[in-house]
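Below you'll find the structure, written out as structure tokens, and then a few comments.
The values are calculated or read from the model by the stated rules, or taken from the named source; none is laboratory data. Being a predicted model, the structure only gives us computed values, none of them experimental. For neighbour counting, all protein chains shown are included, and Cβ atoms are generated from backbone atoms with ideal geometry for every residue, glycine included. Note: areas computed on protein heavy atoms with side chains; ligands, DNA, RNA excluded. Shrake-Rupley method; radii C 1.70, N 1.55, O 1.52, S 1.80 Å.
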Amino acid sequence: MQIDQAKLEQFLGQVVGELGAAMNAALVLIGEKLGLYKAMAGAGPMTPAELAKKTNTDERYIREWLSAQAAGGYVTYDPAKQAFELPDEQAFALAVEDSPAYLPGAFHIVSAIIKDEPKLVEAFRTGDGVGWDEHDVSLFEGTEKFFRPNYAANLVSSWIPSLTGMDEKLKRGARVADVGCGHGASTILMALAYPNSQFVGFDYHGPSVGWARRAAAKAGTKNAAFEVAKAKDFHGTKYDLVAFFDCLHDMGDPVGAARHVHEMLNPDGTWMIVEPFAHDKLEENLNPAGRLFYSASTMICTPASRAQEVGLCLGAQAGEARMRKVVTDGGFTRFRRAAETPFNLVYEAKP
């Protein structure tokens, strides 16, 4: 090996930063579960003793937690007052659950995949899959917490209006299937926004369907139901809108799912497909967002697809060209990018 000392030191410095970030994932979960961020939000400078008293926690642990948070830039530290403060921007991302930037859910996902690492090592060796239902339960809770703020910020305000005539159709009254609904966040948001329409959320994971039913009851939705079904066999009378949120790339047979959607749509119906933002070329996705999506895809999406029939393994960075092929191979004649955000692409497909 020919070692460039400067490049080695630069890389080691990078890794030290990432090790600190990895360690901090657990600290974020602790902060969320104990209400530490919420207790600091808008409270101004606080000493460890004050935060411990406010949250009924141990002062010594709190002092160490705060020190780590300050070292990572999550909170600020005033040496003169020996007090810590959560800036408003950080509070918006860490303490405000209905904020579009709320982040703790992502750390629940990280917790799940670390716990599931032995299963993934074995999958790498054998080529077998790891089904969504085989993951730690933190994945299900984290996915809902992480995706819901983004859906709340964009789904009703911009994504649905970007679909041809769909906003008006839903206001008048339409039938909607939300396939791969998980804990039901997207279904409930749509049901609350369009009370004249009827919504059915489908997911193959029974415990998630149970969670969604309870969440819908808590939200007071009268026009949303939830059923256990796969993407290739969800049922009911024909739908005006079928929605897939961040799930088509996880499926073993996305073309088969597309064919079933085609069969279940009214002739003038619409298939809305929301996917992670991705360019078509690998080299165009080599950035921080792409790194996050490829990592999640390695540990969640690709194993999920491999665990199912066909096992096409599109991955979370499939890109528009591959999605277009899946949709048209499934029988759809019209496909377009309807909307986008820095983290999502929204496609409209019509028969």
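Of the residues that make up segment 181-192, is at least one more than 24 Å from Val346 (Cα to Cα) and in contact with a Gly (Cβ under 6 Å, 6 or more places away or on another chain)? No, that holds for no residue.
For Ala339, state whether it is closer than 29 Å to Asp136 by Cβ, in contact (Cβ under 8 Å) with a residue 12 or more places away in the chain and among the aliphatic types (A, V, I, L, M). No: the conditions fail for Ala339.
If the condition is being open to solvent by 50 Å² or more (accessible area, probe 1.4 Å), under 23 Å from the mean Cα position of the chain (by Cα) and not charged (D, E, K, R), then segment 11-52 contributes Ala21, Ala22, Met23, Ala26, Ile30, Leu34. When Asp58 is tested against (1) farther than 17 Å from Ala22 by Cα; (2) in contact with a Gly (Cβ under 7 Å, 6 or more places away or on another chain), exactly one condition is not met: (2).
Scan segment 239-251 and give yes if some residue there is at positive phi and touching a residue at least 60 places away in the same chain (Cβ under 8 Å), otherwise no. Yes, segment 239-251 has at least one match. Taking segment 141-170 as the range and being hydrophobic (A, V, I, L, M, F, W, C) and either surrounded by 21 or more Cβ atoms within 10 Å (Cβ to Cβ) or touching a Phe, Trp or Tyr at 6+ places or on another chain (Cβ under 7 Å) (or both) as the test, the residues that pass are Phe147, Leu155, Trp159, Ile160, Leu163, Met166, Leu170. Looking at Ala257, is it in contact (Cβ under 8 Å) with a residue 60 or more places away in the chain, touching a helix residue (DSSP H, G or I) at 6+ places or on another chain (Cβ under 8 Å), surrounded by 23 or more Cβ atoms within 10 Å (Cβ to Cβ) and of a type in the set (Gly, Ala, Ser)? Here the answer is yes, as Ala257 does meet what is asked. Within segment 170-189, residues that are in a strand (DSSP E or B) reach partners that are among the charged types (D, E, K, R) and open to solvent by 20 Å² or more (accessible area, probe 1.4 Å) with beta carbons closer than 9 Å, at six or more positions or on different chains, in the pairs Arg175/Lys238; Arg175/Asp240; Val176/Asp240; Val179/Lys230.
Only one of the listed residues (Lys81, Lys115) is touching a residue at least 24 places away in the same chain (Cβ under 8 Å), surrounded by fewer than 15 Cβ atoms within 10 Å (Cβ to Cβ) and basic (Lys, Arg). That residue is Lys81.
If you scan segment 118-140, which residues turn out to be hydroxyl-bearing (Ser, Thr, Tyr) and either under 19 Å from Val274 (Cα atoms) or loosely packed, with under 15 Cβ neighbours inside 10 Å (or both)? Thr126 - this is the single residue of segment 118-140 that is hydroxyl-bearing (Ser, Thr, Tyr) and either under 19 Å from Val274 (Cα atoms) or loosely packed, with under 15 Cβ neighbours inside 10 Å (or both). Each residue in segment 194-226 was checked for being under 21 Å from the mean Cα position of the chain (by Cα), open to solvent by 10 Å² or more (accessible area, probe 1.4 Å) and of a type outside the set (Gly, Ala, Ser), and 8 of them qualify.
If a residue has to be in a helix (DSSP H, G or I), without any contact (Cβ under 8 Å) to a residue 60 or more places away in the chain, under 15 Å from Ile300 (Cβ atoms) and not small (Gly, Ala, Ser) to count, how many in segment 122-143 make the cut? Total satisfying the criteria: 3. Yes or no: segment 117-140 includes at least one residue that is in contact with a Pro (Cβ under 9 Å, 6 or more places away or on another chain), among the β-branched types (Val, Ile, Thr) and under 23 Å from Ser295 (Cβ atoms). Yes: segment 117-140 contains one or more residues that are in contact with a Pro (Cβ under 9 Å, 6 or more places away or on another chain), among the β-branched types (Val, Ile, Thr) and under 23 Å from Ser295 (Cβ atoms).
What's the number of the condition Glu32 fails, among (1) out of contact with any helix residue (DSSP H, G or I) (no Cβ under 6 Å at 6 or more places or on another chain); (2) acidic (Asp, Glu); (3) under 18 Å from Phe146 (Cα atoms)? It fails just one condition, (1).
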